[in-house]
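Presented below is the structure to which this report refers.
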Amino acid sequence: MTTLSDPPKSDFRIGMLLSDTRYRSYTFQFIALMAIILSVSYLVSNLLANLDRLGQDLSYEFLGAPAGYDINQQPIPYNSQDTHLRATVVGAMNTLIVAFLACVTATIFGVIAGVLRLSNNWIISKLMSVYVEIFRNIPVLIWLIIIFTITANVFAPIAEFRIPRDGSDPARTLIFGVMAFTNQGVFVPRLTFDAGGMFVFWTFIASIIGIFVYKSYVKKHLFATGKELPFWLPALAILVVPTLVMYLVLGRPVGVQLPEMGRFRFEGGLQLRTSFIALWFALSIYTGAFIAENVRAGILAISKGQTEAAAALGIRPGRIMSLVVLPQALRVIIPPLISQYLNITKNSSLAIAVGYMDLTGTLGGITLNQTGRAIECVLLLMLFYLTISLLISLFMNWYNNSVKLKER
Amino acid sequence: MKKTLFLGALAATTLAASGAFASTLDEVKARGTLNCGVTTGVPGFAEPDANGVWQGFDVAVCRAVAAAVLGDGNAVTFVPTTGKTRFTALASGEIDLLARNTTWTFSRDTDLKFEFVGVNYYDGQGFMVPKDLGVSSATELDGATVCIQTGTTTELNLADFFRSNNISYEPVPIETGSEAVQQYLAGACDVYTTDRSALAAQRANFETPDAHVLLPDVVSKEPLGPLVRHGDNEWGDIARWTLNALITAEELGVTSANLDAESGNPEVNRLLGREGDLGAMIGLDAEWAKRALAVGGNYGEIFASNIGSETPIGLARGLNAQWKDGGLLYSPPFR
């Protein structure tokens, strides 16, 4: 087959860049692009010229120099002789830890509050309205400081746990012999892993995966045969038995280390510092209020007919929520949830207000200060937060695609 | 290609513009006030009084420089800075002079491109603990929780001290000195560490100062002094010699009370502008030092009225006595 007709070739004239609608938009886009490039390059050249005038340059060599300062919460071993780079990594991990935990708890708070706000019980729904309105209308920094001040003043001073110098009994002791709430933080037991302990740990992780595998098998079996297999008891068995066997076979390689009072504070055990608790709780409860509204909006978006139809089939109210309404509501909830997770991650940089050593505290705080490399540090900070935020978006978008309505 | 050309042209204009930057002295004179960076509030060193007027030992340096340059000790705009913001404020030109308990160190002088004009207080880092903790030396603090003001040299000294003594500690980094004091008083940390002068100053404000002790250990040298930006040596000279004038005046017995009295000492006359033309050499008039001294008096008077033993801060002169009295204050001669 041959082409029947070519579109008539119009003669391009320079004036058509403005007069012809086909080209006009390109002209304006080109002008806008040039304007952006010009203004950005002006700012960059201005920066470089000013740095040059001050006799400074952009250099990341300081990252290899010893940091010289200590960090209290260390997810990886660190001491003051390690490099600024390692201090940066420690700070980044602290950011990720608190952001991850806050995302999880904020979601839990949000879902509970969002569902309960729609409750038919007047008191409960009003209580949830109060929670949402109070927490989302006061800046998170204020909440952070309030919670920090409360924890530092409500919990008993650690001095009361100390053994007095005359050898008498201390005023307070561990609750149930395992944990203590003090104004320096909460001290809890921690697990210690001897040689072989990691095998027990990985067995435990494998067991959890096993439960999900079993769950999908139960579901498949139900759909194939119509018979429901027991779930909870086997699941419990999968969770406990392999780990227990492994633990006993390997000669009890996992122990529990209790906090024990030293000269000044509890040694051993795990310390959840006041700063960490305050930051975690403030971020969760503040963002939880926003998520509650997302959840409420998502549920209200589901037509009432769905609930009524499910009720007509005799499904219990709790199961209507979890099996019919929430799965559909997720499609509405997840896109705004992404931005809430991003908010948590970015808001975690308020940590310095309570002295939690996150990335802004290490790289953007002490390192910046001690080296004076402000521009370099801030550029790195921007890169980190940008990367993390984009990764969260990517993951949540992937999840959103997996739950969204599949149109065939 | 076009872009490169444009960038080049742009860089050229920016450079041309930067060449025309006025000297700090001219800028200050044109502005009519001196922008001076101080702390956000350390009693005795820099703190607004009940009327909102900044008072203190560091503030006095700002006022002396303002009086020397502008003829008015009140022609100062005080810019409160934290440990973190102070250097950026100075480097960016937001302030002309930083008088904020800042330790003179090698890297700050060289790498950060600043110029320390002298030392107005010889200090050392110390520790404060509650008396009932039963500690008599910092080496007994193994395992203690220590509040530190973040962004200062104290953080590094502390790490070095505990590491060299092979003992552990739990650092609690805090943004400002007053928050650190609150945490310390609430018992959230056992020890508060900073320069000993600041410890004494903060303790004076406690409800029960006697319940807290300063440990005898001094873990670092902290020469605190005012600083200016690198590169403007004329401005640096003015700040340096204003500070030296305060110190020399005390050495020569020149006080705010006897500025107009006749003196047979030629150095006094040179200092006060009656002989020679020292003022012209630094771009000021003859009576610059006299005006600087008229604001708060000489170094000794400033010390006594802000942080001396008669004040609630109650600091002894110690290292900060004149060299003739066994201290470290030693100004080069005015000649």
Legend entry - Which numbered condition B:LEU97 fails, given (1) at pLDDT below 90; (2) under 29 Å from A:LEU51 (Cα atoms): (1)
Inset, instruction - For region A:63-74, name all the residues that are within 9 Å of chain B (Cβ to nearest Cβ) and either in contact with a Pro (Cβ under 7 Å, 6 or more places away or on another chain) or assigned to a helix (DSSP H, G or I) (or both). - result: A:ASP70, A:ASN72
Legend entry - Breaking point among (1) part of a helix (DSSP H, G or I); (2) modelled with pLDDT under 85, for A:ALA180: (1)
Inset, instruction - Check B:PHE87, B:PHE78, B:PHE127 and return the single one that is touching a strand residue (DSSP E or B) at 6+ places or on another chain (Cβ under 8 Å), outside the structural domain of B:ILE247 (by the TED database) and open to solvent by less than 40 Å² (accessible area, probe 1.4 Å). - result: B:PHE127
Inset, instruction - Working only within region A:190-210, note down all residues that are over 24 Å from the mean Cα position of the chain (by Cα) and touching a residue at least 40 places away in the same chain (Cβ under 8 Å). - result: A:THR192, A:PHE193, A:ASP194, A:ALA195, A:GLY196, A:GLY197, A:PHE199, A:VAL200, A:THR203
Legend entry - Positions within region A:134-172 being at pLDDT 80 or above, more than 10 Å from every other protein chain (Cβ to nearest Cβ) and not in a helix (DSSP H, G or I), in sequence order: A:ASN137, A:ILE138, A:PRO139
Legend entry - Unique residue being within 14 Å of chain B (Cβ to nearest Cβ), closer than 24 Å to A:PHE281 by Cα, small (Gly, Ala, Ser) and buried (at least 16 other Cβ atoms within 10 Å of the Cβ) when the list is A:GLY114, A:GLY91: A:GLY91
Inset, instruction - Would you check if there is a residue in region A:377-390 being open to solvent by less than 30 Å² (accessible area, probe 1.4 Å), more than 13 Å from chain B (Cβ to nearest Cβ), more than 19 Å from A:VAL89 (Cβ to Cβ) and not aromatic (Phe, Trp, Tyr)? - result: no
Inset, instruction - Kindly establish whether B:ALA66 is in contact with an Asp or Glu (Cβ under 6 Å, 6 or more places away or on another chain) and open to solvent by less than 10 Å² (accessible area, probe 1.4 Å). - result: no
Legend entry - Output for region B:133-155, where each listed residue is open to solvent by less than 10 Å² (accessible area, probe 1.4 Å), at the interface with chain A (Cβ under 9 Å from one of its Cβ atoms) and not β-branched (Val, Ile, Thr): B:LEU141, B:GLY143, B:ALA144, B:CYS147, B:GLY151, B:GLU155
Inset, instruction - Name the single residue, out of those in region A:158-167 being open to solvent by 50 Å² or more (accessible area, probe 1.4 Å) and not charged (D, E, K, R), that is nearest to A:PHE281 (Cα to Cα). - result: A:ALA159
Inset, instruction - Evaluate region A:54-68: report whether one residue or more is open to solvent by 50 Å² or more (accessible area, probe 1.4 Å), farther than 25 Å from A:THR360 by Cα and at pLDDT below 85. - result: yes
Legend entry - Single condition B:GLY52 does not satisfy, out of (1) surrounded by fewer than 17 Cβ atoms within 10 Å (Cβ to Cβ); (2) part of a helix (DSSP H, G or I): (2)
Legend entry - Residue list for region A:254-272, filter: in a strand (DSSP E or B) and surrounded by fewer than 19 Cβ atoms within 10 Å (Cβ to Cβ): A:GLY255, A:VAL256, A:GLN257, A:GLU260, A:MET261, A:GLU267, A:LEU270, A:LEU272
Inset, instruction - Would you please name the residue that is nearest to B:LEU214 (Cα to Cα), looking only at residues in region B:306-322 that are open to solvent by less than 30 Å² (accessible area, probe 1.4 Å) and free of Cβ contacts under 8 Å to residues at least 24 places away in the same chain? - result: B:GLY308
Inset, instruction - Give me the pairs, please: first residue somewhere in region B:275-286 and within 11 Å of B:ASP237 (Cα to Cα) and not assigned by the TED database to the domain that holds B:ASP260, second residue anywhere and acidic (Asp, Glu) and not in a helix (DSSP H, G or I), beta-carbon distance under 7 Å, and either six or more positions apart or on two chains. - result: none
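The rows are residues; the columns are (1) in contact (Cβ under 8 Å) with a residue 40 or more places away in the chain; (2) touching a Lys or Arg at 6+ places or on another chain (Cβ under 9 Å).
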site: A:LEU54; (1), (2): no, yes
site: A:PHE62; (1), (2): yes, yes
site: A:ILE76; (1), (2): no, yes
site: A:THR95; (1), (2): yes, no
site: A:VAL98; (1), (2): yes, no
site: A:ALA106; (1), (2): yes, no
Inset, instruction - Name every residue in region B:182-227 that is within 13 Å of another protein chain (Cβ to nearest Cβ) and β-branched (Val, Ile, Thr), in order of residue number. - result: B:VAL191, B:THR193
Inset, instruction - Give the residue, chosen from B:SER256, B:SER263, that is free of Cβ contacts under 8 Å to residues at least 12 places away in the same chain and in contact with a helix residue (DSSP H, G or I) (Cβ under 8 Å, 6 or more places away or on another chain). - result: B:SER263
Inset, instruction - Could you grab me the full set of residues in region B:156-177 that are within 14 Å of A:GLY365 (Cα to Cα) and surrounded by fewer than 24 Cβ atoms within 10 Å (Cβ to Cβ)? - result: B:LEU156, B:GLU175, B:THR176
Inset, instruction - Please specify each residue of region B:65-101 satisfying the condition of being farther than 14 Å from A:GLY372 by Cα and within 14 Å of another protein chain (Cβ to nearest Cβ). - result: B:THR81, B:THR82, B:GLY93, B:GLU94, B:LEU98, B:ARG100
Inset, instruction - Would you mention how many residues in region A:197-253 are surrounded by 16 or more Cβ atoms within 10 Å (Cβ to Cβ) and not in a helix (DSSP H, G or I)? - result: 2
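The values are calculated or read from the model by the stated rules, or taken from the named source; none is laboratory data. None of the values given here were measured: they were computed from a predicted structure. Cβ coordinates were reconstructed from backbone atoms using ideal geometry, including for glycine residues, and neighbour counts include every protein chain displayed. When the accessible area is computed, the model is the full protein with side chains, heavy atoms only, and any ligands, DNA or RNA have been set aside. Shrake-Rupley method; radii C 1.70, N 1.55, O 1.52, S 1.80 Å.
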